[in-house]
Amino acid sequence: MAEGLGAATLRDVSVVVLSHNRVDELRTNLPPMVAGVREQGLQLIVVDNASSDGSREFIASLDCGDAGLLLVQNTSNLGVAGGRNAGASIASGDYILFVDDDTRIGVEDIRKLRGVLASREDVGAISPRVIQAQTGAPQCDNGTEYAEIGNYHGACHMVRRAVRRRAGDIDPVCTFGGEELDYSIKIRALGYKVMYVPDVTVMHNNVIRPGVEGANRRRMRAFNLPRLHFKYFPLRLAIMFSLRYGLVHTLSALRSGRPIVALGLPLYVARGALQGRRERVVLPSVVVDFYARTDTRPDFGNVPLWHKLNRRLLQVSAQGDR
């Protein structure tokens with residue numbers, strides 16, 4: 001899996017950083033990438049989604065040498081899909097690495113991801129192991145072996161540009177939530193795999209956005225995931241996936257102390273489902289079968305509840321035997 005790691009430079013890699021009002025994260029995470037531009041020939045593109053906290057001024061102050069840094073300054077917040085599409089549209093590398101402004105990744109990790117993707121012509125996108133920077137909690141951790149996954153992790157993933165040209169842009173409706181699943185499905189429908197790379201670990205210092213912004217993000221997720229379920233999957237699967245997702249998402253909002261937001265989420269789930277049916281796309285059966293498998297991760301609602309209960313009981317039993 002590690003062929004191609006000996007490349008002298010990374011001139012065939014474009015890094016697209018999506019940013020919105022996190023200047024402190026940029027101060028930590030951009031300098032290593034700037035060094036990659038200077039020393040390895042990376043193309044660095046920072047897409048700013050209308051920040052107002054000094055992010056633009058900081059980005060403009062960075063010195064990448066003769067290669068320079070491409071700054072896309074959106075006049076409004078285009079969300080995840082619009083921001084990443086804007087960056088990808090000017091990327092020139094054969095491999096495009098998408099990272100969030102709060103993702104911490106080094107040049108050698110970028111080199112390794114590039115090597116893995118270059119060595120596997122059957123793979124369209126890859127995602128490393130991702131853990132929360134402060135708590136160490138896993139966000140994308142599928143074990144120690146290379147594995148096919150249902151979707152890459154949005155905070156850090158690399159896509160083959162030739163595949164992206166065929167798949168097109170990320171669904172613009174996915175301003176927040178669902179874009180990873182949507183694009184992974186598109187990649188699979190083209191006959192490529194989406195892979196998890198266990199021997200690269202990146203830190204993701206994501207924080208919960210407070211107030212109105214955080215509530216709106218919950219609503220967007222509650223709308224977009226069911227929309228994609230009903231857009232791509234047969235009715236039985238779509239209902240199963242969306243009911244499970246809607247219940248978990250509502251309970252999460254209740255646990256977070258947002259009962260008013262929680263009570264409104266089922267409406268967003270229903271609206272997403274209705275719009276998804278209007279956008280219906282018929283997938284190849286092999287793609288549908290992959291997402292229906294009980295061993296596909298992450299869990300979209302494809303893992304039966306009794307499987308989860310049995311696994312939990314086994315874990316409790318094993319702890320009791322120690």
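The values are calculated or read from the model by the stated rules, or taken from the named source; none is laboratory data. Keep in mind it's a predicted model, so treat the numbers as computed, not measured. Every residue, glycine as well, gets a Cβ built from its backbone with ideal geometry; the counts of neighbours run over all protein chains shown. With ligands, DNA and RNA removed, areas are computed over all heavy atoms of the protein, side chains included. Shrake-Rupley method; radii C 1.70, N 1.55, O 1.52, S 1.80 Å.
Key figures for this structure:
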| item | result |
| --- | --- |
| C-alpha center-to-center spacing [the range 95-139, the range 146-176] in angstrom | 12 Å |
| Amide proton proximity set for His157, modelled H, under 5 Å, gap of 5+ | Phe98 |
| Residues Leu243 and Arg11, FRET efficiency given R0 of 35 Å [Cβ-Cβ distance, rounded to 0.05] | 0.15 |
| Spread of Cα-to-Cα distances over 10 Å intervals beginning at zero, given as percent, for the range 115-176 | 17, 46, 30, 6 |
| Shape parameters for the chain, alpha-carbon atoms, Rg then Dmax in Å | 19.8, 63 |
| In Å², nearest 10: area of Met240 left accessible to a 1.4 Å probe | 70 Å² |
| Förster radius 30 Å - calculated FRET efficiency between Arg293 and Asp169 (Cβ-Cβ, nearest 0.05) | 0.60 |
| Surface accessible to a 1.4 Å probe, per residue, for the residues of the range 1-95, Å² | 43 Å² |
| Full-extension gain in nm, Arg277 to Ser252, via 0.36 nm per residue minus C-alpha separation | 6.4 nm |
| Relative contact order (%) - criterion: Cα under 8 Å, at least six apart; region: the range 1-130 | 38 percent |
| FRET E, pair Val212, Gln132, Förster distance 35 Å, beta-carbon r, rounded to 0.05 | 0.90 |
| Relative contact order (percent, whole number), the chain, Cα cutoff 8 Å, 6+ residue spacing | 16 percent |
| The range 139-150 - phi-based ³J(HN,Hα) in whole Hz, Karplus 6.51/-1.76/1.60, Gly and Pro as x | 10, 9, 9, 10, x, 9, 10, 4, 8, 6, 10, x |
